[in-house]
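Engineer: I have a structure here, written as structure tokens, and I will follow up with some questions on it.
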Amino acid sequence: MESTLGAGIVIAEALQNQLAWLENVWLWVTFLGDPKILFLFYFPAAYYASCHMGIAVLWISLITEWLNLVFKWFLFGDRPFWWVHESGYYSQAPVQVHQFPSSCETGPGSPSGHCMVTGAALWPIMTALSSQLATQTCSHWVRVMPTLAYCMFLLAIGLSRVFILAHFPHQVPAGLITGTVLGWLMTPRVPVEQVLSFYGLIALALMLGASLIYWTLFMLGLDLSWSISLAFKWCEWPEWIHMYSRPFASLSRDSGAALGLGIALHSPCYAQVCRAQLGNGQKIACLVLAMGLLGPLDCLFYIFDFLKYTLWPCLVLALMPWVVHMFSAQEAAPIHSS
């Protein structure tokens, strides 16, 4: 295993030296592949394009991210930015690698959450685009474009994670394969609208399930905070370590989003909007307003993080479409002369 990790450092060094001119590109790609961006951008964009597709993206995101958290607890994967120091690799074979602000994640490294969660969540978008193009064109190359773009984007995410020393190369295909398989399995099985108690039970199951696994492993003598200690020890700048990269941050995000999805689907705003047909301009206005409102909410954390992601589906599915619909209806109302 040590030789595999050492080879991973050599690959990361080669990427940083040979492709240094693409540094800003890699940083943007790793930002776009962050599971957090699924909630911030991909879910709203997909939802306003197709209600079912948007709900599928959110549902798959929260389930897959929860699974990724559990997998990391059991696999204990190192991250390159701390392993090169802990292993004494610098003294054995001096290398020229450096960290970035997005390198210093605090959770274990295997499998890659960026590849696994994003790969699974973007699967329904890719399949929907492929199906739509298949009905509109006879060209084989046009029909496979969504699949090619999907594969190229995930490959770029994987390379960016190796470039910034967030993952070893072998952790990337583990995330890619797991994510695509989960996306393929879960997309046809996304639950349609259920009773509110269903979403409450899912949120509770995610929270209690992860907590039970955590405390069981803790009672067995396993220190699940080991990666946090190493991240703080070897990150070049303390301000690069963000609270949202901690394992329980994703848990609060996922359980909160599950509950928020149920609340949104059963809200009066959502019921009223469903009876109307929003135009393309209204959908774009909804997307802009919803994304803008998440910025101030992003200042909240942990317990408030749960509430934040509970509110997020409510904003996207119900509140913003309702507000835009109501104002549009008022503008379109006929003027009666006195």
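Engineer: Report, in whole Å, the centroid distance computed from the Cα atoms of region 205-251 and region 135-166.
Structural biologist: When both Cα centres are located, 31 Å separates them.
Engineer: Mean projection of the alpha-carbon convex hull of region 1-110 over all orientations, in nm²?
Structural biologist: 8.3
Engineer: Still on this model: Among LEU204, PRO80, THR187, pick out the residue whose Cα is farthest towards the positive end of the charge dipole of the chain, where Lys and Arg carry +1 and Asp and Glu carry -1 on C-beta, about the Cα centre.
Structural biologist: THR187
Engineer: Continuing with the same structure: What's the angle, to the nearest 10 degrees (0 to 90), between helix 123-136's Cα axis and the longest principal axis of the chain?
Structural biologist: In the chain, helix 123-136 runs at an angle near 50 degrees to the longest axis.
Engineer: Would you work out the charge dipole size for the chain about its Cα centre, treating the Cβ of every Lys and Arg as +1 and the Cβ of every Asp and Glu as -1, and quote it to the nearest 20 debye? It would help to have the intermediate numbers written out before the result.
Structural biologist: Numbers: 12 positive and 16 negative charges, 150 e Å.
Here the chain has a charge dipole of around 720 debye.
Engineer: In a solvent-free Debye calculation with one equal scatterer on each Cα, what is log10 I(q)/I(0) for the chain at q = 0.13, 0.14 Å⁻¹, listed in the order of the q values?
Structural biologist: Computed log10 I(q)/I(0) values: -1.01, -1.15.
Engineer: Continuing with the same structure: Over region 180-270, with every protein chain in place, what whole percent of the accessible area is carbon and sulfur at 1.4 Å, could you tell me?
Structural biologist: 73
Engineer: Taking N as the number of residues in region 159-233, what is its alpha-carbon radius of gyration divided by 2.2 N^0.38 Å?
Structural biologist: Taking the Cα Rg and dividing by 2.2 N^0.38 Å, one obtains 1.54.
Engineer: Just to check I understand the Karplus step: with θ = phi - 60° and J = 6.51 cos²θ - 1.76 cosθ + 1.60, what whole-Hz values come out for region 312-320, glycine and proline as x?
Structural biologist: Ordered by residue, 3J(HN,Hα) equals 4, x, 4, 5, 6, 7, 10, 5, 5 Hz.
Engineer: Moving on. Rounded, prolate or oblate: which one fits region 94-163, using the alpha carbon gyration tensor with axes a ≥ b ≥ c (rounded when a/c is under 1.5, else prolate when a/b beats b/c, else oblate)? Provide the component values of the computation, followed by the final result.
Structural biologist: Numbers: a/c = 4.65, a/b = 2.48, b/c = 1.87.
Prolate is the answer for region 94-163, as a/c is 1.5 or above and a/b outweighs b/c.
Engineer: Sticking with this structure for a sec: Name the long-range amide H neighbours of ILE164: under 5 Å, sequence gap of 5 or more, or other chain; modelled H, no Pro or chain starts.
Structural biologist: none
Engineer: Given a 1.4 Å probe, how much area per residue of the chain is accessible, in Å²?
Structural biologist: Numbers: 16170 Å² over 338 residues.
Heavy-atom accessible area per residue stands at 48 Å².
Engineer: Using per-residue counts of other Cβ atoms within 10 Å, averaged over each peptide, order 109-118, 139-148, 168-177 from highest down.
Structural biologist: In decreasing order of mean packing, 109-118, 139-148, 168-177 become 109-118, 168-177, 139-148.
Engineer: Tell me, what HN-Hα J-couplings in whole Hz come from the Karplus equation 6.51 cos²θ - 1.76 cosθ + 1.60 at θ = phi - 60° for each residue of region 256-264, using x for Gly and Pro?
Structural biologist: x, 5, 5, 5, x, 4, x, 4, 5
Engineer: Determine the alpha carbon to alpha carbon distance for each of LYS72/LYS308; LYS36/LYS72; LYS233/LYS308 and list only those over 23 Å.
Structural biologist: LYS72/LYS308; LYS233/LYS308
Engineer: Something else: Output ³J(HN,Hα) for region 166-180: one whole-Hz value per residue in order, computed from phi by the Karplus curve 6.51 cos²θ - 1.76 cosθ + 1.60 with θ = phi - 60°, and x for Gly and Pro.
Structural biologist: Each residue of region 166-180 in turn: 8, 9, 7, x, 6, 7, 6, x, 4, x, 4, 5, 4, x, 5 Hz.
The values are calculated or read from the model by the stated rules, or taken from the named source; none is laboratory data. Quick caveat, the model's predicted, so the values are computed rather than measured. With ideal geometry, Cβ positions are generated from the backbone for all residues, glycine too; neighbour counts draw on all protein chains shown. Heavy atoms of the whole protein, side chains included, go into the accessibility calculation; ligands, DNA and RNA do not. Shrake-Rupley method; radii C 1.70, N 1.55, O 1.52, S 1.80 Å.
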